[in-house]
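Working notes, structure below.
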Amino acid sequence: MADQVQASAQRAIAAQRAERVVDLRKRPRIGESIIQTTLFACGFISIFTTIGIVFVLFEESLAFFADPAVTLVEFFTNTVWQPRIEQFGILPLVNATLMVAFIAMGVALPLGLGTAIYLSEYASERARAILKPVIELLAGIPTVVYGYFALTFVTPILRGVFGQDVVSVYNVMSAGLVVGVLITPIVATLSEDALSAVPGRLRQASFGLGATRWETAIRIVVPAALSGILAASIVAMSRAIGETMVVALAAGASPNLTWNPFEPAETMTGHIARISGGDLSYGSIDYKSIFAIGLVLFFITLGLNIASRQIVRRFREVYD
């Protein structure tokens, strides 16, 4: 009899448990909802701003190319850029921009990578804590200061070394060298982060095989962090292409198709800065040409970003 009563009680308890409905729905939290909405708004504003900029570039550029005085073939093949006489060949501006960027990378890559290797592999914690903020401080100096530094310090040195007849007062070399100093912190900081992310066991294994610190850094750590170093280089390249004040002050203000870095030449950003501050009437062909140049800059930087993603995906090392 007692067993039957106990069994009935257990069945009743089981039935009551079965009738219970567990509520697994997420409870509303006002604070989390506000944070989520704010973060979504930040992302939306960023994307909307980018779309707006691209829309304006395309709209004004299409109006520029719709002008009878401009043809797409002439724009990309003509070697003269003089909007006043309706000569719209962007090659001189692109050539000067790339010359400055390559000279800058020739300065920033060895300096930045060497600095990154020292901070990651050689420097003590105390030295790293002092040197890294000092290097990053270079990125905080206003670019107009770099521009006058190039014009009043670097250019006189170049003219003194190579001769005043060889080096013009305004020249691409001076601008490129100073832009290289400007972007060195980008290469150094991002490369140092990539090198520091390499697992320490790879270094210990290399030391265990008898390798020196330099051999370990060059043959083990740098190849393992290659994707990050290449990404840092491309980011720095984009920064060099988009630099304005240094090239506007030091490189010159004449669109000149030349391969001589000691001659003056105007970059795309320098040209935009120069003519946009003049007396340009709204809607004129000179005004619209600014957006066409900006669109070319946009596609160049977009191509560099796409290349950066592909390179990172290709050379990325994954460690367990």
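What to note about this one:
- Criterion: of a type in the set (Val, Ile, Thr), touching a Leu at 6+ places or on another chain (Cβ under 8 Å) and surrounded by fewer than 21 Cβ atoms within 10 Å (Cβ to Cβ) - qualifying residue of Thr152, Thr189, Thr143: Thr143
- Some residue of region 114-126 being basic (Lys, Arg), under 23 Å from Trp214 (Cβ atoms) and in contact (Cβ under 8 Å) with a residue 60 or more places away in the chain: no
- Breaking point among (1) part of a loop (DSSP other than H, G, I, E, B); (2) at pLDDT 90 or above; (3) not small (Gly, Ala, Ser), for Ile241: (1)
- Across region 64-86, the qualifying residues are those that are aromatic (Phe, Trp, Tyr) and part of a helix (DSSP H, G or I), and the one among them that is surrounded by the most Cβ atoms within 10 Å (Cβ to Cβ) is Phe64.
- Set side by side, the residues Ala273, Ala307, Ala265 differ, and just one is in a helix (DSSP H, G or I), out of contact with any Cys (no Cβ under 9 Å at 6 or more places or on another chain) and under 21 Å from Leu249 (Cα atoms), which is Ala273.
- For region 81-89, the count of residues that are hydrophobic (A, V, I, L, M, F, W, C) and within 23 Å of the chain's Cα centre (by Cα) is zero.
- Annotation note: of Ser227, Ser206, the sole residue that is farther than 24 Å from Arg313 by Cα and buried (at least 16 other Cβ atoms within 10 Å of the Cβ) is Ser206.
Let's see how each residue does on (1) of a type in the set (Gly, Ala, Ser); (2) touching a strand residue (DSSP E or B) at 6+ places or on another chain (Cβ under 7 Å); (3) modelled with pLDDT under 80:
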{"position": "Ala265", "(1), (2), (3)": "yes, no, no"}
{"position": "Ser284", "(1), (2), (3)": "yes, no, yes"}
{"position": "Ala292", "(1), (2), (3)": "yes, no, no"}
{"position": "Arg313", "(1), (2), (3)": "no, no, yes"}
{"position": "Glu317", "(1), (2), (3)": "no, no, yes"}
{"position": "Asp320", "(1), (2), (3)": "no, no, yes"}
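- Flag for Leu257 being closer than 30 Å to Val80 by Cβ, in contact (Cβ under 8 Å) with a residue 12 or more places away in the chain and surrounded by fewer than 19 Cβ atoms within 10 Å (Cβ to Cβ): yes
- Residue within region 87-95 that is of a type in the set (S, T, N, Q) and assigned to a loop (DSSP other than H, G, I, E, B) present: no
- Check on Val100, in a helix (DSSP H, G or I), among the β-branched types (Val, Ile, Thr), within 16 Å of the chain's Cα centre (by Cα) and farther than 19 Å from Gly228 by Cβ: yes
- Close pairs (6 angstrom Cβ cut-off, 6 or more residues apart or separate chains): among the hydroxyl-bearing types (Ser, Thr, Tyr) in region 169-181, surrounded by 24 or more Cβ atoms within 10 Å (Cβ to Cβ) and assigned to a helix (DSSP H, G or I) anywhere: Ser174/Ala150; Ser174/Ala250
The values are calculated or read from the model by the stated rules, or taken from the named source; none is laboratory data. Computed from a prediction, not measured in an experiment: that's the story for all the values here. Glycine also receives a Cβ, built like all others from the backbone with ideal geometry; neighbour counts cover every protein chain displayed.
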